[in-house]
Amino acid sequence: MIETQRLTKHFKDVRAVDGIDLTVARGELVALLGPNGAGKSTTLRMLTTLIPPTSGTASVAGFDVVRQQREVRQRIGYIGQGNGAGHSQRGRDELLSQGRAYGMGLRQARTRAAELIDSLGLGDVADRTVSTLSGGQRRRLDIAMGLIHAPELLFLDEPSTGLDPQNRANLQEHILRLRAEHDTTIVLTTHYLDEADSMAERVIVVDHGRVIADDSPARLKAEHVGDTIRLGFDTEHAAAGAATVLSGRGGSAYGKELTIRTESGPRQVPGMLEDLRSAGLPVASVEVTRPTLDDVFLTLTGRSLREGGSKTDGTPVPELVEV
Amino acid sequence: MTSLVTDTRTVFSRELRPTLRSPFTMIIAMVQPLVFLGLFAPLLPGDRSAALQWFVPGIIVMSCLFSASMTGSNLLFEIQTGSHERMLVTPLRRPALLIGRALKEIVPMVAQAALIVLVCLPFGYRFHLGGALLGLVVMAGFSIGVGALSYTLALASKNQEWLFWTVQQTVLFPILLLAGVLLPLDGGPGWLRTLAAWNPLRYVVDAERALFDGDIWQATTVTGLVAAAGVAAFGLFVGVRAMRTST
């Protein structure tokens, strides 16, 4: 569905996107994850024909993003960072214009708009001026507009930025349902770690305009970080003894604690506890920490995604929006 | 299937809809040239109806220029909110985005022209309907060009709104004065007339005066049409290019 080769975009001296090779198959749900300024949105803007690449090629839905822009545009949906609906317009009017822009007849556009208004719960506000809608309502309207022509491939640029947790959950549900019902291929960018983690089957980690990792969230974590098992003991002596008993598993004792990094931590703990009991080293406490995608990012780049900007972690953002 | 015409209609009706839903803004815009006419026309020397005969087409062209040059101002806001970007991702033909927006500014202009003419009739103003209609076509062509240039200016000043207004205001008045809209150029010094000769609006104004008087089969009609078509072609060329390269 998407195929890029050495896709590159320079803005003056800045290499916003620095040679990205990407293949996305039909039906995939892919998240581009990275800090602000990593080149996620620039990549998306090239794939959606909004800006021409400096070099490299990209084929989207079977067509070249430079030479066959209209063919690409006809087949994709795009939900940008801003509000797609004009603030002085009414929601339903915008849905109709959007349908017309994709070549739908008036009647067809009306039917489709009514359908989307219904399925996105916009019935009460569709005939109000967009500027009077809440942030969550506008976002749902944006989604309705992006879906008007039932695209086979949908791009979402930071879809849930500025939404409160409830609206984010709603939005994610809509996206997942869309995929389940219509087998739509979906590419989204996000800097919310939990969003990438819970929604996407495939996470492409982008940093400094390059792809630095590309796999399922579970495999990324297992491969690059693994689980952390912390065993607590009553004495330092016991901890040191445990390190010897479990030396085959690569643990390191520090104080009264033994830390072991491993894949599939929860499966290994029972065996460890048994070995330690046989050795007469009772364990006082057990903690298994599963890695987050942030740990993956930290391992790969030495930096945390949470440090970069003000809104880069998975916790609710201060700027809340009501439904 | 879509065509340039249906795409233009889509953009045009989208733009016009909020205006139709709240016609009050349009009424305010229409009063403006009337105020201008009421305060300026009495200052014109000589016979009043002859003065109106000369002045009315110029006022219509002026309000047309003002409206068309505002095309980009709505766009500025839509660039900031994201709705322009959403339009760019659709398969709408790029020239349709320019033409549709510019034409939307012309609709109030037609209503304005009709109002100005109606108000002036009791004061002895006379016009030729066929000529006036052809005159509107010339002005529409000119407005598409100016609208497209205004659109380009908005794209160029997307993160600095002041730039749009500074350039728009700076360019507007010399063009207006060098077209002989408010005062005849005939008595001016040579350098001024040379400058005016390079101003396409000047040929549009001359054509409008002749057309509204009913002198349709004149060289001025041809030069006016050519000037309007030239501005339209130039504006669309620049505008489409700007859309392709704008980040």
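Looking across A:230, A:202, one residue alone is assigned by TED's automatic domain parsing to the domain that holds residue A:275 and touching an Asp or Glu at 6+ places or on another chain (Cβ under 7 Å). It is A:230. Within 11 Å of another protein chain (Cβ to nearest Cβ) and either buried (at least 21 other Cβ atoms within 10 Å of the Cβ) or within 24 Å of the chain's Cα centre (by Cα) (or both), is that true of residue A:116? Answer is no for this residue. Of the residues making up segment A:63-97, those that are open to solvent by 10 Å² or more (accessible area, probe 1.4 Å), more than 26 Å from the chain's Cα centre (by Cα) and either facing chain B (nearest Cβ under 7 Å) or among the charged types (D, E, K, R) (or both) are A:67, A:70, A:71, A:87, A:88, A:90, A:92, A:93.
Among residues belonging to segment A:34-55 that are surrounded by fewer than 17 Cβ atoms within 10 Å (Cβ to Cβ) and more than 8 Å from chain B (Cβ to nearest Cβ), point out the one that is nearest to residue A:158 (Cα to Cα). Per the criteria, the residue is A:36. When segment A:128-155 is filtered for residues that are assigned to a loop (DSSP other than H, G, I, E, B) and touching a residue at least 40 places away in the same chain (Cβ under 8 Å), the ones remaining, listed by number, are A:133, A:134, A:148, A:149, A:151, A:152.
Evaluating residue B:21 against the criteria (1) surrounded by fewer than 15 Cβ atoms within 10 Å (Cβ to Cβ); (2) more than 14 Å from chain A (Cβ to nearest Cβ) leaves one unmet condition, (2). Tallying residues that are aliphatic (A, V, I, L, M) and surrounded by 18 or more Cβ atoms within 10 Å (Cβ to Cβ) within segment B:202-237 yields 11.
Annotation: residue B:164 fulfils all but one of (1) within 14 Å of another protein chain (Cβ to nearest Cβ); (2) in a helix (DSSP H, G or I); (3) farther than 28 Å from residue B:222 by Cβ; the unmet one is (1). Checking each residue in segment B:1-14 for being assigned to a helix (DSSP H, G or I), open to solvent by less than 80 Å² (accessible area, probe 1.4 Å) and facing another protein chain (nearest Cβ under 9 Å) picks out B:6, B:7, B:10, B:11, B:13, B:14.
What about residue A:222, is it outside any helix (DSSP H, G or I), open to solvent by less than 50 Å² (accessible area, probe 1.4 Å) and closer than 30 Å to residue A:34 by Cα? Considered against the rule, which asks whether it is outside any helix (DSSP H, G or I), open to solvent by less than 50 Å² (accessible area, probe 1.4 Å) and closer than 30 Å to residue A:34 by Cα, residue A:222 comes out as no.
Considering (1) in contact (Cβ under 8 Å) with a residue 60 or more places away in the chain; (2) among the acidic types (Asp, Glu); (3) surrounded by fewer than 17 Cβ atoms within 10 Å (Cβ to Cβ), the lone condition that residue A:227 does not fulfil carries the number (3). Pairing residues of segment B:183-196 that are closer than 15 Å to residue B:55 by Cα with residues that are β-branched (Val, Ile, Thr) and open to solvent by less than 60 Å² (accessible area, probe 1.4 Å), at Cβ distances under 6 Å and at least 6 apart in sequence or on separate chains, gives no pairs at all. Yes or no: residue A:141 open to solvent by less than 40 Å² (accessible area, probe 1.4 Å) and more than 8 Å from chain B (Cβ to nearest Cβ)? Spelling it out, residue A:141 is indeed open to solvent by less than 40 Å² (accessible area, probe 1.4 Å) and more than 8 Å from chain B (Cβ to nearest Cβ).
Can you confirm whether residue A:90 is among the basic types (Lys, Arg) and within 30 Å of residue A:300 (Cα to Cα)? When the stated conditions are applied, residue A:90 does not pass them.
Where strands (runs of 3 or more DSSP E) fall entirely within segment A:1-78, those with at least 2 residues that are over 22 Å from residue A:217 (Cα atoms) are at A:2-11, A:14-24, A:55-60.
Any residue that is at pLDDT 90 or above, open to solvent by 10 Å² or more (accessible area, probe 1.4 Å) and more than 22 Å from residue A:126 (Cα to Cα) - is there at least one of those in segment A:150-161? Checked against the condition, which is being at pLDDT 90 or above, open to solvent by 10 Å² or more (accessible area, probe 1.4 Å) and more than 22 Å from residue A:126 (Cα to Cα), segment A:150-161 yields at least one hit. In this structure, residue A:121 does satisfy being within 24 Å of residue A:179 (Cβ to Cβ) and open to solvent by 10 Å² or more (accessible area, probe 1.4 Å). Go through the residues of segment B:28-43 one by one and say whether even a single one is over 26 Å from residue B:238 (Cβ atoms), part of a helix (DSSP H, G or I) and within 11 Å of chain A (Cβ to nearest Cβ). Looking through segment B:28-43, none of the residues is over 26 Å from residue B:238 (Cβ atoms), part of a helix (DSSP H, G or I) and within 11 Å of chain A (Cβ to nearest Cβ).
Among the residues of segment A:173-213, just one is of a type in the set (D, E, K, R), in a helix (DSSP H, G or I) and either closer than 30 Å to residue A:13 by Cα or open to solvent by less than 10 Å² (accessible area, probe 1.4 Å) (or both), namely A:195.
Of the residues in segment B:218-238, at least one is more than 20 Å from residue B:61 (Cα to Cα), part of a helix (DSSP H, G or I), free of Cβ contacts under 8 Å to residues at least 40 places away in the same chain and not small (Gly, Ala, Ser).
The values are calculated or read from the model by the stated rules, or taken from the named source; none is laboratory data. Treat the numbers as computed from the prediction; the structure is a model and nothing was measured. When we count neighbours, we look across all protein chains shown, and the Cβ atoms used for this are built from the backbone with ideal geometry, even at glycine. Heads up: the accessible areas ignore ligands, DNA and RNA and are worked out on the full protein's heavy atoms, side chains in. Shrake-Rupley method; radii C 1.70, N 1.55, O 1.52, S 1.80 Å.
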